[in-house]
1. Give me a comma-separated list of calculated 3J(HN,Hα) values for segment 245-250, in order, Karplus coefficients 6.51, -1.76, 1.60 applied at θ = phi - 60°, integers in Hz, x for any Gly or Pro.
2. Among the trypsin sites (Lys or Arg not before Pro) within segment 56-160, which fall in a DSSP loop and have no more than 13 other Cβ atoms within 10 Å of their own Cβ?
3. For segment 185-250, what log10 I(q)/I(0) values come out of the Debye formula at q = 0.25, 0.27 1/Å, with one point per alpha carbon and no solvent?
4. In segment 93-235, if the dipole is taken from +1 on Lys/Arg beta carbons and -1 on Asp/Glu beta carbons about the Cα centre, which of 161, 104, 178 is farthest to the positive end?
5. Which distance in nm do the two modelled labels at residue 310 and residue 229 give, with both placed 7 Å along the Cα-to-Cβ direction?
6. For a quick check: with amide H placed at 1.01 Å from N, whose amide H comes under 5 Å from residue 115's, ignoring anything fewer than 5 positions away on the same chain?
7. Would you kindly derive the ³J(HN,Hα) couplings of segment 265-280 from the backbone phi angles with the Karplus curve 6.51 cos²θ - 1.76 cosθ + 1.60 (θ = phi - 60°), listing them in order in whole Hz, with x for Gly and Pro?
8. Per residue, how big is the convex hull around the C-alpha atoms of segment 137-264? Give it to me in cubic angstrom, could you?
Amino acid sequence: MNNTTLTLPRPDDWHVHLRDGDVLAAVLPDTARHYARAIVMPNLKPPVTSAAAADAYRTRIRALLSDGDDFEPLMTCYLTDVTDAADLAAGTRDGIFTAAKLYPAGATTNSAAGVTDITRLDGVFETMSALGLPLLIHGEVVDRDVDVFDREAVFIERVLTPLRARHPALKIVFEHITTAEAAAYVSAADARLLAATVTPHHLMLNRGAMFEGGIRPHMYCLPIIKRETHRQALVKAVCSGDAHYFLGTDSAPHVMHTKESDCGCAGIYNAPVALAAYAEVFAAHDALPALEAFAAHNGPAFYGLPVNTRRITLTRDAHQPPPSRCVSELGDILVFDAPGTAQWRVSPAP
Ligand code: NCD
Ligand code: ZN
């Protein structure tokens, strides 16, 4: 491995679940330590569906930050069949919303209140196009007749292509992509209008890892991890530094007993190790310099935000590994066991 150190602007996490209450208090330091900004997912119980709710949630997050923290939460609106376009527009103009999130109803954790028929939101999408407010999409069909491993690819033809044809000026992020089909589709689009986030676990694991020696509930997330050919396509896409792709961890904490159950929750908690995991993937493909575009430039360019001015250094050396569990009042949360990440140190740069 040639490259073992990289200095870059402080990264942003363009897709994270911080939760609320005791879990928020437990996980927030892990995100605030490494990222200057994060797009905070709105799938709380109940979901964050209005500007007032997002403003209150942002206040709860900020109240838990320490004085020395350099972290800004960017809030999102959870779209439903009855989203109020006027409230979304007012929340955007007031600087509360940075994006809106589309969960097809039933697609993932806390998505029951999501959208049942996307065409009902055409008026909302017109408003968003006019405002330049990005639409963040959990891109999976929920039709139980479609195999769970095919739901993302089928979403492209059934939902995403027609949506983009109806709203050609809408800015869209295809969240946490997992397939070669999604990477090919995104790469072919205008990067100002269609981009994608990619998680560390989808870059590191293939679906075999979920069943190695037994069933591994801590590797279960949605969209589900796919076969090796897809992982390789994702690695190739991000390691090019291509402007379509940016860092989004999809760090999704669940206390351990809720994952180790006969119906375990989807979601992988990776906030403490995600940056190291990305560095390990890029370095393993001799592409460490391209991590700067992926982690610090492509996201701000898409969102029309400045690149962060403070800098960090990633160094690959013998290093004390981060704790394998995050302790919350509700129970322990297991951290993603990402191969090779113990090697990487993240430190402030001058
Ligand atoms: C996320 C969660 O737990 O909120 N779970 C996951 O598997 N990624 C929801 C989501 O992003 O799909
Ligand atoms: Zn997510």
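None of the figures in this text is laboratory data; all of them are computed from the coordinates on show. All values reported here derive from a predicted model rather than from experimental measurement. We place every Cβ from the backbone using ideal geometry, glycine too, and count neighbours over all the protein chains shown.
1. 10, 9, 5, x, 6, 6
2. Answer by residue number: 144.
3. With no solvent term, the Cα-only Debye profile gives -1.10, -1.21.
4. So the residue we want is 178.
5. Between residue 310 and residue 229, the label points sit 4.5 nm apart.
6. Counting only residues 5 or more places away or on other chains, the set is 103, 105.
7. Each residue of segment 265-280 in turn: 6, 8, x, 10, 8, 10, 3, x, 10, 4, 5, 5, 5, 4, 4, 5 Hz.
8. Roughly 111 Å³ of hull volume per residue.
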